[in-house]
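Enquirer: I have a structure here, written as structure tokens, and I will follow up with some questions on it.
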Amino acid sequence: GVGSLALAMALRNEITSRWGKIGLGFLVISGVGEFLAAYFDVTHSLHGLAAFLGAPTLPVAAMLISIHLGRTPAWAFARKRILLSANLTWISFVLFAIAMAVFVSTYVKAGGTMTGTPVSTLPDGVIAFNGWTNRLWLILYNVWIIVTGIALVRTPPADPPCGTPL
């Protein structure tokens, strides 16, 4: 959450297009969702809302912001890195969504009920690799934040308008 919100604040002067600003809005929503997900653990009913706010919004933000920055001449040096890392966010999200769908469907078929209460053991026949895809997803979200943050630090400053003291 801190990384998403800090990056949104740091990028606010770099983003000039309407779609880029929409991306910043999604990044802020994602950061709020990430904070809520950290505060409300998986057993709390608000964890689902937090996941809904934080999970799908970061790939949208990453793509909108990265496309905008990639078209900006000052960001040309980082274009490939930020676009690659942005694409990895939505790819990892899709993998996680597939893993969750497989988990839930095999859990229900095995006789489990979706009560929101964690179980200590899973019934036979449940395919549960969603924990690994969740970790990959979180790592790749942070990779985009780090890659974009490093590129921001390395971006040459814009020339001040004529007559503006340095």
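The values are calculated or read from the model by the stated rules, or taken from the named source; none is laboratory data. Because the structure is predicted, anything quoted here is derived from the model rather than measured. All Cβ positions, even for glycine, are placed from backbone atoms using ideal geometry, and neighbour counts span all protein chains on display. All accessible areas refer to the heavy atoms of the entire protein, side chains included, with ligands and DNA or RNA removed. Shrake-Rupley method; radii C 1.70, N 1.55, O 1.52, S 1.80 Å.
Enquirer: Which residues, counting only those in region 61-104, are in a helix (DSSP H, G or I) and of a type in the set (S, T, Y)?
Expert: If the condition is that a residue be in a helix (DSSP H, G or I) and of a type in the set (S, T, Y), then S66, S85, T89, S92 are the ones that fit.
Enquirer: If you don't mind, another one. In region 1-60, what residues are within 29 Å of M100 (Cα to Cα), assigned to a helix (DSSP H, G or I) and open to solvent by 80 Å² or more (accessible area, probe 1.4 Å)?
Expert: V2, F35, A38, Y39, L49, F52
Enquirer: Would you mind stating whether T121 is open to solvent by 100 Å² or more (accessible area, probe 1.4 Å), more than 30 Å from A74 (Cα to Cα), polar (S, T, N, Q) and at pLDDT below 85?
Expert: yes
Enquirer: Now, a different point. Would you confirm whether any residue within region 107-123 is within 23 Å of L138 (Cβ to Cβ) and part of a helix (DSSP H, G or I)?
Expert: yes
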